[in-house]
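The values are calculated or read from the model by the stated rules, or taken from the named source; none is laboratory data. Quick caveat: nothing in here was measured; it's all calculated off a predicted structure. A quick note on method: Cβ atoms are made from the backbone with ideal geometry, for glycine too, and the neighbour counts reach across all protein chains shown. Note: accessible area is taken over every heavy atom of the protein model, side chains too, but ligands, DNA and RNA are not part of it. Shrake-Rupley method; radii C 1.70, N 1.55, O 1.52, S 1.80 Å.
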There are 2 protein chains.
Amino acid sequence: MASYVHGYSEREAKRLEDQSNTLDEILHNDSIWEPGNVILEAGCGTGAQTKIIALKNPLCKFVSIDISEESINKAREAALLLGISNVEFRQADIFKLPYEDGIFDHIFICFVIEHLPDYKAAIAELKRVLKLNGTITIVEGDHGSAYFSPESRDAYLAIQCQVELQRRNGGDANIGRKLYPILKEAGFDCIRNSPRMVYADESNPDLVEGFTRNTFTAMIEGIRKEAISENLIDAATFNKGISDLYKTAGTGGVFCYTFFKATGIKK
Amino acid sequence: MASYVHGYSEREAKRLEDQSNTLDEILHNDSIWEPGNVILEAGCGTGAQTKIIALKNPLCKFVSIDISEESINKAREAALLLGISNVEFRQADIFKLPYEDGIFDHIFICFVIEHLPDYKAAIAELKRVLKLNGTITIVEGDHGSAYFSPESRDAYLAIQCQVELQRRNGGDANIGRKLYPILKEAGFDCIRNSPRMVYADESNPDLVEGFTRNTFTAMIEGIRKEAISENLIDAATFNKGISDLYKTAGTGGVFCYTFFKATGIKK
């Protein structure tokens, strides 16, 4: 887990910001909770999601934690600049939360468990601090949901490098589709996993630019050095794969990707 | 009272969700045209879609054609049994339609062009008989959109056999994602391609049964003989792949597939 923490690099922070700006509506149109609710956001990183959900729920109180002190400081500064006053930021470990049992109305966790080898322990700990009849929301991507036109074997292989690197770090880049069984095994009730498909073609140039080009392809491009040095792929194939991914953002190109947003109740 | 209301709305939401999560609703909730419109359904087969769209649009007139006289006869009988009286069935060739230019208000074509080596000629011919400012709707699946849990390399390889067999017959099983560029190249305007994702987990047993098990997996299972005799796969791998696909319909299983519904206007 230490080898990959969201928000560590400037580039990563920029990427996450691009992502949340273009995906606000797809991911967060229903991120609405009852006034007065106290919500724990676990693994907030530099606050890319925090600012969206905090601004959408001005009458809720958020407690946003992250393992990285540096990320928490950045998140706090960003919130300050936006005049957000309903979030308390705190450095904390998701596996050992500094909170009593059953005190939060809701748990929100986005783009985190895909990186956690022992996500089961994290979810159990989150469930501990959740009130009875409280709800959890988990949002994750799923790299196995990526397909596009023009089709390209090399682009597929480049994406698989990211899946493999994440796997070697104990994560799962294809976790989105699995959130229903994950929440079920964790003992939640009334589980729903809601797919949020991103479909980008030239009728939506902002989404092509913001998602296909600057979020997904930029992310895959960012693992070039590691993928090649770990011998997962040769440089020529990787470069061709990236070039082909950029073609899916060009004229006649199409890119599809699905995020999953799952909810459950602690009964 | 509040908890009663809460419980009621939860049940109501579940009911509405169940309803909208049947395949017919996913594909046809917006297959609605103006009263009085005359609609050409090209390649109606035995009328699987015809009966849905004809019953949803009782004040429209449908002309449903297919190249197969046998299929047309079956479609006509099925419509008769359902008391459908707003469809005229006719054996006809999609490449040489027996109609004058510009006489239809709308063209509907579902699960057809994926099988046509020269789908461009078919779409051009359909466009010929469409009125100026008339609209076209194309519905297609996309086998590259299938992913599931538990993940399985063998299941993926079994699906790829279907993709390859269709390719050898001049078709394209991954055509759904490409409908935007296809309609653009055909000269249509105001094109929109709308993904219709099927997400099936055990919270929706009807969809698991109706789609994962009896539609998708049954379809792949049906190519066993051909796939093996054409040496696309060995029997053991294929059988394991099918067995793994059935697991995605079992406890803890998840299956995802996306249909695409594209529309355009003839300007």
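Points to keep in mind about this one:
- Scanning the stretch A:185-194 for residues that are open to solvent by 30 Å² or more (accessible area, probe 1.4 Å) and over 27 Å from residue A:168 (Cβ atoms), we see that the one that is farthest from the other protein chains (Cβ to nearest Cβ) is A:187.
- Restricting the stretch A:10-58 to residues that are open to solvent by 50 Å² or more (accessible area, probe 1.4 Å) and over 24 Å from residue A:197 (Cβ atoms) leaves a set whose member that is modelled with the lowest pLDDT is A:14.
- Screening the candidates B:226, B:221, B:230, B:202 for the property of being over 30 Å from residue B:33 (Cα atoms), within 11 Å of chain A (Cβ to nearest Cβ), open to solvent by 20 Å² or more (accessible area, probe 1.4 Å) and not polar (S, T, N, Q) yields one hit, B:202.
- Of all residues in the stretch B:133-153 being buried (at least 18 other Cβ atoms within 10 Å of the Cβ) and either hydrophobic (A, V, I, L, M, F, W, C) or more than 14 Å from chain A (Cβ to nearest Cβ) (or both), the one that is farthest from the chain's Cα centre (by Cα): B:134
- Of residues in the stretch B:74-131 being over 24 Å from residue B:193 (Cα atoms) and of a type in the set (Val, Ile, Thr), the one most open to solvent (accessible area, probe 1.4 Å): B:103
- Any chance residue A:253 is touching a residue at least 40 places away in the same chain (Cβ under 8 Å), away from chain B (no Cβ under 14 Å) and either surrounded by fewer than 19 Cβ atoms within 10 Å (Cβ to Cβ) or closer than 17 Å to residue A:210 by Cβ (or both): no
- Some residue of the stretch A:154-168 being within 19 Å of the chain's Cα centre (by Cα), of a type in the set (Lys, Arg) and more than 14 Å from chain B (Cβ to nearest Cβ): yes
- Going through (1) open to solvent by less than 10 Å² (accessible area, probe 1.4 Å); (2) over 24 Å from residue B:263 (Cβ atoms); (3) assigned to a loop (DSSP other than H, G, I, E, B); (4) small (Gly, Ala, Ser) one by one, residue B:173 falls short only on (2).
- Candidate set: the stretch B:71-87, residues that are under 21 Å from the mean Cα position of the chain (by Cα) and of a type in the set (D, E, K, R); chosen: the one farthest from residue B:52 (Cα to Cα): B:74
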